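One structure is given below, encoded as structure tokens.
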Amino acid sequence: MNTIVKFRASAFIPMSWTEPKKDSQTGDVIQYEGDAREFTPYAVNAMRSRVEQEVVVDFYKKEIFTYANTGITTERITTPDGSVNKRSGKASTERILCTDIVWGKDGDDVTFNMSASASNPLNVYAPPADYLLTVHVKKDGTGDIYGKHDGFPCYEIYKQVNFGPFDKIHTHDFRETGDTPEALGGDMEYSFKKIL
């Protein structure tokens, strides 16, 4: 009998460093450290994501357990004279949430929202990376999910039933779609619906 269904969602920057941007007034070249990884359900707790969220549905206990984290953001500024300055910060997890939890009458299914909105802690003007997932899952691990997210950075969502292998639900790779950090602003550009 299935009793545990786990969902993992994360946003990450696959390269080691973002594209260099030159400040036209100072001549400084600014880059941000990425996560230096590809798509994988096993990056949780490795500090290799901008945002990570895990929701564990325990049908035996009739409870939902959640975990949220953000990676360390490091900015590297190379000045025109060649000197390099670095500073780091960590985005808050207060807007990585599991909300609107509604259990079915018999406790054999549940609906909830997983959402995240986290921005660069070193740039007050940076728009956040956002996603919103509406999940309906039954005790046997089936169900459906509707999601939307920004075009940047990369996004990944996985499901695991009873500690077995992870199944990929959805991935988004900005390198394939051509999205840039400008996609963080405004509405979430991408949406999907999948049967679990």
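Quick check on my filter: what residues within segment 1-33 are among the polar types (S, T, N, Q) and either in contact with an Asp or Glu (Cβ under 9 Å, 6 or more places away or on another chain) or surrounded by 13 or more Cβ atoms within 10 Å (Cβ to Cβ) (or both)? Let's see the steps before the verdict.
Here is the first cut: in segment 1-33, the residues among the polar types (S, T, N, Q) are 2-3, 10, 16, 18, 24-26, 31.
Selection gives 2, 3, 10, 16, 18, 31.
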By residue number, the members of segment 79-103 that are under 30 Å from residue 8 (Cβ atoms) and among the aliphatic types (A, V, I, L, M) are 91, 96, 97, 101, 102
Out of curiosity, is residue 105 over 30 Å from residue 142 (Cα atoms), modelled with pLDDT under 95 and not small (Gly, Ala, Ser)?
no
Selection from segment 127-144 of residues that are open to solvent by 20 Å² or more (accessible area, probe 1.4 Å) and either among the basic types (Lys, Arg) or closer than 18 Å to residue 40 by Cβ (or both):
138, 139
Is one or more of the residues making up segment 66-80 of a type in the set (D, E, K, R) and free of Cβ contacts under 8 Å to residues at least 40 places away in the same chain?
no
Contact list please: Cβ distance under 9 Å, first residue in segment 15-39 and free of Cβ contacts under 8 Å to residues at least 24 places away in the same chain, second residue open to solvent by less than 60 Å² (accessible area, probe 1.4 Å) and among the small types (Gly, Ala, Ser), pairs at least six apart or on different chains.
15/34; 15/36; 16/34; 16/36
Just to be sure, is residue 124 of a type in the set (A, V, I, L, M, F, W, C), surrounded by 14 or more Cβ atoms within 10 Å (Cβ to Cβ) and either in contact with a Gly (Cβ under 8 Å, 6 or more places away or on another chain) or free of Cβ contacts under 8 Å to residues at least 24 places away in the same chain (or both)?
no
Taking segment 162-180 on its own, how many of its residues are more than 15 Å from the chain's Cα centre (by Cα) and either part of a loop (DSSP other than H, G, I, E, B) or at pLDDT below 95 (or both)?
7
Hey, residue 92 hits all of (1) under 24 Å from the mean Cα position of the chain (by Cα); (2) more than 22 Å from residue 35 (Cα to Cα); (3) open to solvent by 50 Å² or more (accessible area, probe 1.4 Å) but one; which does it fall short on?
(2)
When residue 74 is evaluated against the numbered criteria (1) touching a Leu at 6+ places or on another chain (Cβ under 9 Å); (2) farther than 17 Å from residue 153 by Cβ, which criterion, by number, is the only one it fails?
(2)
Can we say residue 147 is assigned to a strand (DSSP E or B), small (Gly, Ala, Ser) and crowded, with 19+ Cβ neighbours inside 10 Å?
yes
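Hey, can you tell me all the residues within segment 41-68 that are open to solvent by 30 Å² or more (accessible area, probe 1.4 Å) and of a type in the set (A, V, I, L, M, F, W, C)?
Once the filter is applied, which keeps residues that are open to solvent by 30 Å² or more (accessible area, probe 1.4 Å) and of a type in the set (A, V, I, L, M, F, W, C), segment 41-68 yields 44, 46, 47, 64, 65, 68.
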Which pairs turn up if I take residues in segment 101-117 that are in contact (Cβ under 8 Å) with a residue 40 or more places away in the chain and over 23 Å from residue 129 (Cβ atoms) and look for partners that are aromatic (Phe, Trp, Tyr) and part of a strand (DSSP E or B) with beta carbon separation below 7 Å, at least 6 apart in sequence or on another chain?
110/103
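The values are calculated or read from the model by the stated rules, or taken from the named source; none is laboratory data. Bear in mind that the values here come from a model prediction, so they are computed numbers and not experimental data. A quick note on method: Cβ atoms are made from the backbone with ideal geometry, for glycine too, and the neighbour counts reach across all protein chains shown. Just the protein is used for accessible areas: all its heavy atoms, side chains included, with ligands, DNA and RNA removed. Shrake-Rupley method; radii C 1.70, N 1.55, O 1.52, S 1.80 Å.
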